[in-house]
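**Q** Here's a structure for you.
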Amino acid sequence: MSKKMRNKILMYTITILLVLFFLFPLFWMLLTSCKSAEEILRIPPTILPDRFGVDNYKEVMTRQPIFRFIANSLLISFVSAAFSVLITAMAGYGFSKFQFPGKEIMFFLILSFLIVPFQSIVVPLYKWVTKFGLTDTYTGIVLPLLVSAFGVFLMRQGMDTIPDDLIEAARIDGSGELKTFLLIVFPNVKAFVATQVIIKFLWSWNEFYWPMVITNKPEMKVITVGIQAFTSMYYTEYNLVMAAAVLSILPMAIMFAVFQKGIVKAVAMSGVKG
């Protein structure tokens, strides 16, 4: 066997082992979602359930409006991604192509929010949202998600790739700033826009702390908070938690299957590591 063939076999073997390693938690979650509570607590533990069935899924859907939770998460994620990309694109355009006093200081202050824990500002944010009567509303949930410091940074990097001569030519032709931004600048940073949309959607979908703080009504909960309904101080129904978790990842699995190339490219462009 040639050295090239041995290296190829070794590479494929390592790749397969890594895939199995990363897929094992999902495989275990799927199997656990089919087990009863007694099977999960069994010692020694068993891999396969005694009987495959959908009883846990029926129980989840009976006890909690799980599909309402998923719909809430989808709505909030879509809205936050759409508005966030527009706001951050305009901010990035301003920081990249305009000159004004204190520009770099303001940009640095925006980036400094990346190192500020959200928990440190949640109390004043909660008081502000409560003051305007936005608790248990979609507006109250989505407001803190509309602006992203990382998004401003990413979009500024994208705007820097556009030649200044292109923008100046549009201005000479009589195009206003808004028209220039929408028709010339924005279409030329499509890769960065797609990256921001995908990352913001995923971040919003996985958001837990703020939706938990701002919502009390069951019909307003998102899926990450809704799963918590199957846990308590004294007991966790792991079989129901796993069944709810399987249902919660279905939209993301479908999204990944459809936009796989875009998601991989978005993660590569952003430098985000999972």
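**Q** For K127 paired with F113, estimate the spin-label separation in nm (one decimal), with each label point 7 Å from Cα along the Cα-to-Cβ line.
**A** In this crude spin-label approximation the distance works out to 1.9 nm.
**Q** Tell me, in nm to one decimal, what length is gained between I105 and D50 on full extension, where the rule is 0.36 nm per residue of separation less the Cα-Cα distance?
**A** On the way: separation 55, 0.36 × 55 = 19.80 nm, distance 6.22 nm.
Taking I105 through D50 to full extension adds about 13.6 nm, to one decimal.
**Q** What is the spin-label model distance, in nm, from V19 to D165 if the labels are put 7 Å beyond Cα along the C-beta direction?
**A** 4.8 nm
**Q** Let me ask something else. Divide by every residue of the chain the summed helix terms, -39500 (n - 2.57) for each DSSP H run of at least 4, and state the resulting mean residue ellipticity at 222 nm, rounded to the nearest 500 deg cm²/dmol.
**A** Values: 15 runs with 182 residues, N = 274.
Theoretical 222 nm ellipticity from helices: -20500 deg cm²/dmol.
**Q** Please find, in a Gaussian network model of the chain (springs between Cα atoms separated by less than 10 Å), the residue of V246, V258, V225 whose mean-square fluctuation is greatest.
**A** In this elastic network of the chain, the residue with the biggest mean-square fluctuation among V246, V258, V225 is V258.
**Q** Computed over the Cα atoms, what is the radius of gyration of the range 171-213 divided by 2.2 N^0.38 Å, N being its residue count? Write out the running numbers ahead of the final one.
**A** Values: Rg = 16.5 Å, N = 43, 2.2 N^0.38 = 9.2 Å.
Taking the Cα Rg and dividing by 2.2 N^0.38 Å, one obtains 1.79.
**Q** Around R63, with a cut-off of 15 angstrom between Cβ atoms, what is the net charge of the other residues, counting Lys and Arg +1 and Asp and Glu -1?
**A** Working: positive: K58, R68, K221; negative: D55, E59, E219, E237.
In short, -1.
**Q** For the chain, with a Gaussian network of springs between Cα atoms less than 10 Å apart, report the residue from P187, P44, P124 with the top mean-square fluctuation.
**A** Comparing P187, P44, P124 in the GNM, the peak value goes to P44.
**Q** Compute a Gaussian network model of the chain, connecting alpha carbons closer than 10 Å, and tell me which residue from A169, A81, A253 fluctuates the most.
**A** Judging by the Gaussian network model, the answer is A169.
**Q** Right, here's the next one. List the GluC sites (Glu not before Pro) within the range 1-64 that fall in a DSSP loop (any state other than H, G, I, E or B) and whose Cβ has at most 14 other Cβ atoms within 10 Å. Write down the numbers at each step before the final one.
**A** Working: sites: E38, E39, E59; in loops: none.
In loop regions of the range 1-64 (DSSP not H, G, I, E or B), there are no sparsely surrounded GluC sites (Glu not before Pro).
**Q** Then there's this: At 20 °C and a viscosity of 1.002 mPa s, what translational diffusion coefficient does Stokes-Einstein give for the chain, taking Rh as the Kirkwood radius over Cα pairs? Give it in µm²/s as a whole number. Don't skip to the end; give the middle numbers.
**A** Working: Rh = 22.0 Å.
After rounding, the answer is 97 µm²/s.
**Q** K190 versus L26, label points 7 Å from Cα toward the beta carbon: distance in nm?
**A** 2.8 nm
**Q** Expressed in nm², what is the orientationally averaged projection area of the convex hull enclosing the Cα positions of the range 93-187? Walk me through the intermediate numbers first.
**A** Numbers: hull surface 33.1 nm².
The directionally averaged projection comes out at 8.3 nm².
**Q** Enumerate the lysines that K261 could reach by cross-link, defined here as Cα to Cα under 17 Å, with residues fewer than 8 away along the same chain left out.
**A** K190, K200, K273
**Q** If you bin the C-alpha pair distances of the range 1-110 every 10 Å from 0, what whole percents do you get?
**A** In order of increasing distance, the bins hold 10, 18, 17, 18, 20, 14, 3 percent.
**Q** Would you report the distance distribution of C-alpha pairs in the range 168-246 as whole percents per 5 angstrom bin, up to the bin with the largest distance?
**A** 3, 12, 13, 13, 12, 8, 8, 8, 7, 6, 5, 3, 2, 1
**Q** Largest first, what is the accessible-area ranking of M11, M159, M29 with a 1.4 Å probe?
**A** On the way: M11 105, M159 0, M29 30 Å².
Largest accessible area first, the list is M11, M29, M159.
**Q** Alpha carbon centre of the range 27-56 versus the range 117-146: separation in Å?
**A** The two parts, judged by their Cα centres, are 39 Å apart.
**Q** Please give the per residue accessible area of the range 189-252, computed with a probe of 1.4 Å over protein heavy atoms only, in Å².
**A** Values: 2830 Å² over 64 residues.
Per-residue accessible area for the range 189-252 comes out at 44 Å².
The values are calculated or read from the model by the stated rules, or taken from the named source; none is laboratory data. None of these values were measured; they are calculated from a predicted model. When we count neighbours, we look across all protein chains shown, and the Cβ atoms used for this are built from the backbone with ideal geometry, even at glycine. For accessibility, only protein heavy atoms count, side chains too; no ligands or nucleic acids. Shrake-Rupley method; radii C 1.70, N 1.55, O 1.52, S 1.80 Å.
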